[in-house]
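Below you'll find the structure, written out as structure tokens, and then a few comments.
What follows is calculated from the coordinates using simple rules that are stated; it is not laboratory data. Because the structure is predicted, anything quoted here is derived from the model rather than measured. Cβ: placed from backbone, ideal geometry, glycine included. Neighbour counts: every protein chain shown.
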Ligand SMILES: C[S@@+](CC[C@H](N)C(=O)[O-])C[C@H]1O[C@@H](n2cnc3c(N)ncnc32)[C@H](O)[C@@H]1O
């Protein structure tokens, strides 16, 4: 991807919603050294914690080249036209007004500079088949997808972001004024197959169990119910399908324990890139 994006031509990068900079630590070595880096995040915690891993990953880089600042993606505290590359990863999906953030990212990008955003379609994960799906009725599969679609739309209506924004990103890039727009897919899937012993598979299984045990994420009954109802689901629909999903989860856990569960895992993450156009020369 670095070659496709011609990252080696860039010697400055801003990562918006940088978190712990997992994403920008991957990109940084492909920039033209010595490269300037700024990580921006709304949460003071990440602004405080991100520099440690970044500096440890690149001990040879002068600390003067690295900065971490607190700021909102919709009002980025950085000057116009000041970066060769601007990026974000799984950030726009959390915003009520993602286009406002893209316009801000465009503003700080220099003309000719590269914008890269990585965002998912998380709804697709609920359509990925697994080794138990063949035993489900068509009606149950459709009902359960309807449940997640309503949850998803309820969340958007509540201003909590579009977790499938990846599908819309190329259009948003065009609206923002970016050119040379290109779309690629990440090559990593959330697969599960016996004996489930890779670190990635173990992390996935632990995440699922942790959500269930702490009634969080998809098992936060109250939150999920609010979103399903907000998007037109009825209380009886919610109760029926939530119970079905709990049962499905238990069947999957039993199959995992028996070593019979498998899925390629769905998982769609889009890598969308574009360039800020150069000003048109005025020959008058
Ligand atoms: C899923 S994490 C991104 C992880 C990050 N890309 C990485 O590589 O580690 C989302 C990040 O976006 C930040 N964020 C959410 N809303 C934001 C906003 N409006 N402005 C700036 N950062 C925001 C969160 O604090 C969080 O660090």
C-alpha long axis of helix 221-230 to longest principal axis of the chain, angle in °: 80
Column: log10 I(q)/I(0), Debye, Cα scatterers of the chain, q = 0.10, 0.13, 0.14 Å⁻¹: -0.63, -0.98, -1.09
Cα-based shape type of region 27-86, given that a ≥ b ≥ c are square roots of the gyration tensor eigenvalues and the cut on a/c is 1.5: oblate
Quotient of Cα Rg and 2.2 N^0.38 Å for region 211-280, N being how many residues it contains: 1.75
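Could you tell me whether region 1-130 comes out rounded, prolate or oblate from its Cα gyration tensor? Rule is a ≥ b ≥ c as square roots of the eigenvalues, rounded for a/c under 1.5, then prolate if a/b exceeds b/c, otherwise oblate.
On the way: a/c = 1.39, a/b = 1.35, b/c = 1.03.
Rounded shape, in that the Cα axes give a/c under 1.5.
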Angle between the chain longest axis and helix 98-108 axis [Cα atoms, degrees, rounded to 10]: 20
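Per-residue ellipticity at 222 nm for the chain, helices alone: DSSP H runs ≥ 4 residues times -39500 (n - 2.57), over residue total, nearest 500 deg cm²/dmol? Could you put the intermediate results ahead of the total?
Working: 10 runs with 110 residues, N = 284.
Mean residue ellipticity at 222 nm (helix-derived): -11500 deg cm²/dmol.
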Peptides 151-161, 174-184 ordered by average Cβ neighbours within 10 Å, highest first: 151-161, 174-184
Anisotropy class of region 54-131 from Cα gyration tensor, a/c 1.5 cut: oblate
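Could you work out the Rg to Rh ratio of region 93-151, with Rh taken as the Kirkwood radius (inverse of the mean 1/r over all Cα pairs)?
On the way: Rg = 18.5 Å, Rh = 14.9 Å.
Rounded to two decimals, Rg over Rh is 1.24.
Could you please tell me the mean projected area of the C-alpha convex hull for region 137-265, averaged over all directions and given in square nanometres to one decimal?
On the way: hull surface 40.6 nm².
Average projection, Cα convex hull of region 137-265: 10.1 nm².
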Rounded tilt (10° steps) of 199-213 against the dominant C-alpha axis of the chain: 60
Of all DSSP beta bridges in the chain, antiparallel share, percent nearest 5: 45
